[in-house]
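These notes are about the structure you will find just below.
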Amino acid sequence: MPLTFDDLLTRARALTRGGHRAILGIVGSPGAGKSTLAEHLVRALNGTGEPWVAHVPMDGFHLADAELDRLGRRDRKGAPDTFDAAGYAALLRRLREESNGETVYAPGFERVLEQSVAGMIPVPPSARLVVTEGNYLLLDTGPWARVRPQLDEVWFCELDEQERIRRLVARHEEFGKDHEEAVAWVLGTDQRNADLVATSRDRADLIVPQTALPAPYGPPPPAAPGREPAVRR
């Protein structure tokens, strides 16, 4: 039987059966649908009751543009060494430990500004599952190697390559690049990163095919009775 979005919901729920806070990682190349899948999972699992699932993207650990300029890395923003990987791993460890039952604040990423924003995402003690997503969760070199041990499972998103590139170009255009600039970035910097991410595919616990992804990347998940279908904002 093909993997479905409902199967993913069941598998995500099962991660918390031991009573501890679990962390689910979602990985994939740029534009593969990681954020879309994470957002739909969190929305569907939380339902209409008290939220018990939190979403903490890796993107909050982008280095600031000023620091990238200082390091000479601004022209390849999004590469592994343009993130604070050690800080990300430390946050995941803190989330697992649930120190003193306190709310943990994680940084977010503002796409319009293309900058990280500190303390943007609260993770309350009631969160029993944290969904985190990003490109490099399965890299086994440098500080990135500290990430995988903090994750209960890692799922790898796969999207048709031409569709992935098309959507990625559209995303860059949406946030300010002209078409030629967007295509050049996608086929250059983004593609080098995508090739690196692809080498980590075999280390994932589950491959999520395009057919299991929610809209707009695959068939939309069925709406719960009396509720509108979830859509990406």
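The values are calculated or read from the model by the stated rules, or taken from the named source; none is laboratory data. Just so it is clear, the model here is predicted, and its values are computed rather than measured. In this analysis, Cβ positions are derived from the backbone assuming ideal geometry, glycine residues included, and neighbour counts consider all displayed protein chains.
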| query | Got a sec? Which strands (runs of 3 or more DSSP E) wholly within the range 104-204 have at least 3 residues that are within 18 Å of Leu37 (Cα to Cα) and among the aliphatic types (A, V, I, L, M)? | reply | 129-134
| field | Residue count for the range 98-113, restricted to those that are of a type outside the set (Phe, Trp, Tyr) and either surrounded by 13 or more Cβ atoms within 10 Å (Cβ to Cβ) or within 16 Å of the chain's Cα centre (by Cα) (or both) | value | 7
| request: Scan the range 82-97 residue by residue and report those that are surrounded by 18 or more Cβ atoms within 10 Å (Cβ to Cβ) and in contact (Cβ under 8 Å) with a residue 60 or more places away in the chain. | output: Ala85, Ala89, Leu92, Leu95
| task | Filter the range 148-172 down to residues that are free of Cβ contacts under 8 Å to residues at least 40 places away in the same chain and charged (D, E, K, R) and give me whichever is nearest to Leu129 (Cα to Cα). | result | Glu161
| field | Odd one out for Gly49, checked against (1) outside any helix (DSSP H, G or I); (2) touching an Asp or Glu at 6+ places or on another chain (Cβ under 9 Å) | value | (2)
| field | Pick from the range 1-15, criterion assigned to a loop (DSSP other than H, G, I, E, B) and farther than 21 Å from Pro124 by Cα, ranking: farthest from the chain's Cα centre (by Cα) | value | Met1
| task | Looking only at the range 16-33, decide whether some residue is in contact with a strand residue (DSSP E or B) (Cβ under 8 Å, 6 or more places away or on another chain), assigned to a helix (DSSP H, G or I) and closer than 13 Å to Leu129 by Cα. | result | no
| Answer from Val147, Val154 - the residue that is surrounded by 14 or more Cβ atoms within 10 Å (Cβ to Cβ), touching a strand residue (DSSP E or B) at 6+ places or on another chain (Cβ under 8 Å), over 19 Å from Ala79 (Cα atoms) and at pLDDT 85 or above | Val154
| query | Phe175: within 27 Å of Leu129 (Cβ to Cβ) and either at pLDDT below 85 or buried (at least 20 other Cβ atoms within 10 Å of the Cβ) (or both), yes or no? | reply | no
| request: Determine if the range 87-96 includes at least one residue that is outside any helix (DSSP H, G or I) and at pLDDT below 95. | output: no
